[in-house]
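What follows is a short report on a single structure.
The values are calculated or read from the model by the stated rules, or taken from the named source; none is laboratory data. Since we're looking at a predicted model, the values are computed, not measured. As a convention, Cβ positions derive from the backbone with ideal geometry for all residues, glycine included, and neighbour counts pool all protein chains shown.
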Amino acid sequence: MVLDSIENAARYLNMGDGIAKALHYIQNNDFSAVQPGRYQLEGDRLVMLVFEFEAVNTDECRLEGHRKYIDLQYWETGSELMGHEILGNQPVLEPYNEKTDCAFYNCIASFSRLLPGMFVIYYPSDLHTANSDPLSKERVKKLVFKILIE
């Protein structure tokens, strides 16, 4: 897992072509008018999902994990508490679904607050959860780049 500010994106450009493309895309585009939805930037190899929502307070610890895609998530507005944990022997709540590239696990997570201008990179070894922040006063607008592992 990598967590940093987009101002430091240059540090991570050598982590793979897809990660570099997603970081450049963030740095070179204005997302204020981009509507929620799915945007294929390079077919299924690089996809951008745009979400807008109200963060909620939850004590549910339901972490997701992926196998085929790396998640690079960027916060345009609002804040979120992101739960994260390294994949290990956690109890499986929902087995891996090939179509959605997702499995859900129950575990104790560590949390980090993500603010506008910050990003996080989750690899298949990183479980994560979102949509929780009792301190958030504004709607969250978040971009999730799905980067195919090749």
- Note on the structure: When every residue in the stretch 35-53 that is free of Cβ contacts under 8 Å to residues at least 24 places away in the same chain and outside any strand (DSSP E or B) is compared, the one nearest to K146 (Cα to Cα) is G43
- Selection within the stretch 84-109 - closer than 22 Å to L3 by Cβ, in contact with a Phe, Trp or Tyr (Cβ under 6 Å, 6 or more places away or on another chain) and of a type in the set (D, E, K, R): D101
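If you check K141 against the conditions, is it modelled with pLDDT of 90 or more, within 16 Å of the chain's Cα centre (by Cα) and among the charged types (D, E, K, R)? Let's see the steps before the verdict.
Details: modelled with pLDDT of 90 or more: yes; within 16 Å of the chain's Cα centre (by Cα): yes; among the charged types (D, E, K, R): yes.
So K141 fits the description; yes.
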- Which members of the stretch 91-130 meet the condition of being surrounded by fewer than 18 Cβ atoms within 10 Å (Cβ to Cβ) and polar (S, T, N, Q)? N97, T100, N106, S110, S112, S125
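Please enumerate the residues belonging to the stretch 113-127 that are assigned to a strand (DSSP E or B) and touching a residue at least 60 places away in the same chain (Cβ under 8 Å).
L114, M118, F119, V120, I121, Y122, D126, L127
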- In the stretch 73-112, residues that are within 21 Å of V50 (Cβ to Cβ) and not in a loop (DSSP other than H, G, I, E, B) total 9
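What tally of residues in the stretch 39-90 results from selecting those that are of a type in the set (G, A, S), touching a Leu at 6+ places or on another chain (Cβ under 7 Å) and crowded, with 20+ Cβ neighbours inside 10 Å?
Narrowing the stretch 39-90 to residues of a type in the set (G, A, S): 43, 55, 65, 78-79, 83, 88.
The next check asks that each one be touching a Leu at 6+ places or on another chain (Cβ under 7 Å); those that pass are 65, 79, 83.
Subsequent filtering for residues that are crowded, with 20+ Cβ neighbours inside 10 Å retains 65, 83.
The number of residues fulfilling the criteria is 2.
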- Query: If you go through the stretch 1-23, how many residues are part of a helix (DSSP H, G or I) and touching a residue at least 12 places away in the same chain (Cβ under 8 Å)?
  - Reply: 10
